[in-house]
């Protein structure tokens with residue numbers, strides 16, 4: 001059996017997405033439908049992994065926007081990683097990594113920044129990639145901490161969260177869902193980010209609406225309404241194993257009536273009903289993982305979750 005890699009070509013897009021759908025650790029972020037929304041923002045360097053000419057794995061990647069000698073898996077998404085359907089395990093995956101490293105090194109690339117897929121997105125255990133990186137001498141260069149609920153063994157919500165949920169109900173907060181609420185939620189999000197941090201959302205309204213149109217069952221907008229006004233909400237990315245809160249926002253009125261508590265309890269209930277294993281609130285770390293926003297992490301954890309990590313590795317390709 002001979003393992004080799006070749007560059008992704010535009011005509012591979014449909015086959016990529018068809019294969020991606022059956023991978024052990026893939027989510028919507030790995031599809032060409034998602035990656036292509038970036039347009040020409042990144043110089044794509046994705047690879048297809050083949051065994052005796054048959055596709056057995058995918059590696060979404062692009063040049064770092066800051067340094068073309070660095071390959072990132074992938075700069076346009078939260079995580080990347082090698083994707084496979086079970087045929088790239090153990091020694092095979094180690095060989096695949098050697099081929100990946102050799103491919104980029106032969107093209108004058110110096111480093112590979114690898115964004116591992118967090119464990120809660122994996123349909124079965126699939127961390128052979130981390131072992132392969134260890135064997136090749138990669139160094140962990142970043143670690144983010146996310147608050148994640150195991151819906152099979154959820155811890156009790158804190159008394160504060162239970163009180164806040166009652167407060168939202170007493171105030172008359174109702175839950176509404178649908179893409180048509182994105183514009184109103186984006187205004188809440190933009191106001192919130194500008195007021196607290198002086199920044200704008202990573203995605204523009206046009207971009208998130210485009211993605212919602214491309215993934216109508218996987219990108220969901222859940223909002224809390226009070227007096228017919230959106231006062232809080234979240235945009236969920238739905239994967240085969242998890243509901244992930246990609247964006248979270250509340251207006252000052254929303255905070256006053258604890259509207260996010262109503263939003264999250266609704267989302268957690270739906271995730272459970274639809275057979276997901278995990279509900280993920282996202283990371284609470286800043287500055288490359290070196291600073292923990294403990295207040296934010298505490299708020300998320302009080303819903304009954306625990307810590308899961310996002311790991312980043314750097315592989316020196318010049319050796």
Task: Three-way shape label, the stretch 153-276, alpha-carbon gyration tensor, a/c 1.5 - done: oblate
Task: Computed over the stretch 153-276: relative contact order in percent, which uses C-alpha pairs under 8 Å that are six or more apart - done: 29
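Between residue 229 and residue 180, 0.36 nm times their residue separation minus their Cα-Cα distance comes to what?
Result: 16.3 nm gained on full extension.
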Open item on the list: What distance in nm separates the two pseudo spin-label positions at residue 274 and residue 154, each 7 Å out from Cα along the beta-carbon direction?
Closed with: 1.5
Task: Sum of -39500 (n - 2.57) over DSSP H runs of 4+, divided by residues of the chain (222 nm, nearest 500) - done: -9500 deg cm²/dmol
Open item on the list: Can you match log10 I(q)/I(0) by the Debye sum over Cα atoms at q = 0.07, 0.11 Å⁻¹ to one of these, (i) -0.26, -0.67; (ii) -0.30, -0.72; (iii) -0.45, -0.93, based on a calculation from the structure here?
Closed with: (ii)
Task: Sorted peptide list for 13-24, 247-258, criterion being average Cβ within 10 angstrom, highest first - done: 247-258, 13-24
- [ ] Report, to the nearest 10°, how far helix 259-273 tilts away from the longest principal axis of the Cα atoms in the chain, using its own Cα long axis and a range of 0 to 90°.
- [x] 50
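Every read-out reported here was derived from the displayed coordinates using simple, explicitly stated rules and does not represent laboratory data. Predicted model, so just to flag it, every value in this text is computed and none were measured. Every residue, glycine among them, receives a Cβ derived from its backbone with ideal geometry; neighbour counts consider all protein chains shown.
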